[in-house]
Amino acid sequence: MSSSAPCFNASEAASQLGVSIKALRLYEQQGLVTPGRTAAGYRVYGPNEMDRAGEIVALRALGLSLAQVARVLDGDPQSLATALAAHETALNNELQDLVQKLDRIRRVRSDLARGQMPVDGELTRLIDRTGISVEFALPWPWGGEHFEVRDIRPLNYIIGSLGSGKTRLALRLAETLPDAVFLGLDRLQDKGVAALDLLKADATLKSRVDRAVEWLVDEGATESEALTILLVAFEADGPAALVVDMVEQDLDGVTQEALITFLRLRASAGVRPFFLMTRSSAILDLAAIGPDEAIILCPANHSAPVRVAPYPGAPGYEAVATCLATPEVRARIARQPETTAGEATINTPQTHAPRDS
């Protein structure tokens, strides 16, 4: 390697590639890219490693699993051909959408040239809306406060401490959003027999779920009933929005990471919005939040839920980070300072709100 060739440390390489350091480490663990090392043992990415990593990032953006990326880089054309076909279809759909918008603009301009102003609603249809909105009166424990979420993203995380009201917020969202469905923890009852019955009755759905399972297993996920139940809900036709209670339930950490990667790829394709209740840092990785994602925090003091920007220093960020911490860390944060000898301890009655996950 030429001494004048640009080299990057892991942080710089991740920034150049538009991915997280965690993603780069994952590529390395999977044997997809092997960075060099400095004399002190730090990772360093030269031109060859950056080119290789850039190809990996591009293939991931096309929706390939890590195993499929490895096969393409090894010279197998089939996975790449399939991904490119899907990408071509998505681009064609975008093109058709743009053509329709151009047609609407041309019609309005033609009418204006004849002295005819747009009719009611015609200008509204020219706007390229970026998302849907919802508003409603908050349930207990908020006591009817007005709540509104504008520009709902494809991936929305609902987070809060125990007793914060996040379950009630999720239920109200499912009630208010048009054609939305709430997927509660009862999905795991009877080993998910309801979801499995859907698979037996719908061959098309089963095919989609099987493909999703294959992709996730390639990512290192462990196939399980809990995962299959979620995929049935994510892949099923019908609901315009899906609200999921504690999406990480009964999934190991690697499976959670694979699942959220899968959902991010779906989000980039503009599918229906998902609202995911979570307290898992594998699901809600603050360093990996993208433009298609949003965080809704239910504060512990029962002030109104708020959208939190995913960067340190933003209002609510530390509260979100605390919710995502391990139980040991949360306990340490919540622990009251020990009283010194001779200090009086005042015991005050405690009120207990109904249990909320």
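For ARG279, state whether it is within 21 Å of SER161 (Cα to Cα) and either assigned by TED's automatic domain parsing to the domain that holds VAL181 or without any contact (Cβ under 8 Å) to a residue 60 or more places away in the chain (or both).
yes
Residues that are over 12 Å from ALA269 (Cα atoms) and surrounded by 11 or more Cβ atoms within 10 Å (Cβ to Cβ) within the range 83-96 comprise ALA83, LEU84, listed in sequence order. Examine the range 165-183 for a residue that is touching a Ser or Thr at 6+ places or on another chain (Cβ under 8 Å), of a type in the set (A, V, I, L, M, F, W, C) and in the same structural domain as PHE274 (by TED's automatic domain parsing), and state whether such a residue exists. Among the residues of the range 165-183, not one is touching a Ser or Thr at 6+ places or on another chain (Cβ under 8 Å), of a type in the set (A, V, I, L, M, F, W, C) and in the same structural domain as PHE274 (by TED's automatic domain parsing), which makes the answer no.
Quick test for you: out of GLU225, GLU219, GLU248, pick the one residue that is buried (at least 21 other Cβ atoms within 10 Å of the Cβ) and either assigned by TED's automatic domain parsing to the domain that holds GLN29 or more than 12 Å from the chain's Cα centre (by Cα) (or both). That would be GLU248, the only listed residue that is buried (at least 21 other Cβ atoms within 10 Å of the Cβ) and either assigned by TED's automatic domain parsing to the domain that holds GLN29 or more than 12 Å from the chain's Cα centre (by Cα) (or both). Condition check for VAL271 on (1) buried (at least 18 other Cβ atoms within 10 Å of the Cβ); (2) out of contact with any strand residue (DSSP E or B) (no Cβ under 9 Å at 6 or more places or on another chain): one failure, at (1). Of the residues making up the range 25-41, just one is polar (S, T, N, Q), assigned to a loop (DSSP other than H, G, I, E, B) and closer than 14 Å to VAL69 by Cα, namely GLN30. Pairs meeting the criteria (first residue in the range 224-250 and without any contact (Cβ under 8 Å) to a residue 24 or more places away in the chain, second residue surrounded by fewer than 22 Cβ atoms within 10 Å (Cβ to Cβ) and of a type in the set (Lys, Arg), beta carbons under 9 Å, at least 6 apart or on different chains) are LEU231/ARG208. Summed over the range 61-71, residues that are in contact with a helix residue (DSSP H, G or I) (Cβ under 7 Å, 6 or more places away or on another chain) and either surrounded by fewer than 21 Cβ atoms within 10 Å (Cβ to Cβ) or among the small types (Gly, Ala, Ser) (or both) total 5.
Against the conditions (1) closer than 23 Å to ILE289 by Cβ; (2) hydrophobic (A, V, I, L, M, F, W, C); (3) out of contact with any Lys or Arg (no Cβ under 8 Å at 6 or more places or on another chain), VAL69 satisfies every one except (3). Tell me yes or no: at least one residue of the range 256-274 is within 18 Å of the chain's Cα centre (by Cα), modelled with pLDDT of 95 or more and over 30 Å from HIS87 (Cβ atoms). The answer is no; no qualifying residue exists. Report yes if ALA282 is among the small types (Gly, Ala, Ser), crowded, with 18+ Cβ neighbours inside 10 Å, within 29 Å of ALA319 (Cβ to Cβ) and touching a strand residue (DSSP E or B) at 6+ places or on another chain (Cβ under 7 Å), otherwise no. Against the criterion (among the small types (Gly, Ala, Ser), crowded, with 18+ Cβ neighbours inside 10 Å, within 29 Å of ALA319 (Cβ to Cβ) and touching a strand residue (DSSP E or B) at 6+ places or on another chain (Cβ under 7 Å)), ALA282 does not qualify. Listed by position, the helices (runs of 4 or more DSSP H) inside the range 231-335 whose residues that are closer than 27 Å to ASP186 by Cβ and in contact with a Lys or Arg (Cβ under 9 Å, 6 or more places away or on another chain) number at least 2 are 253-268, 317-324.
The values are calculated or read from the model by the stated rules, or taken from the named source; none is laboratory data. What you see is a predicted model; the values in this text were computed from it and never measured. In this analysis, Cβ positions are derived from the backbone assuming ideal geometry, glycine residues included, and neighbour counts consider all displayed protein chains.
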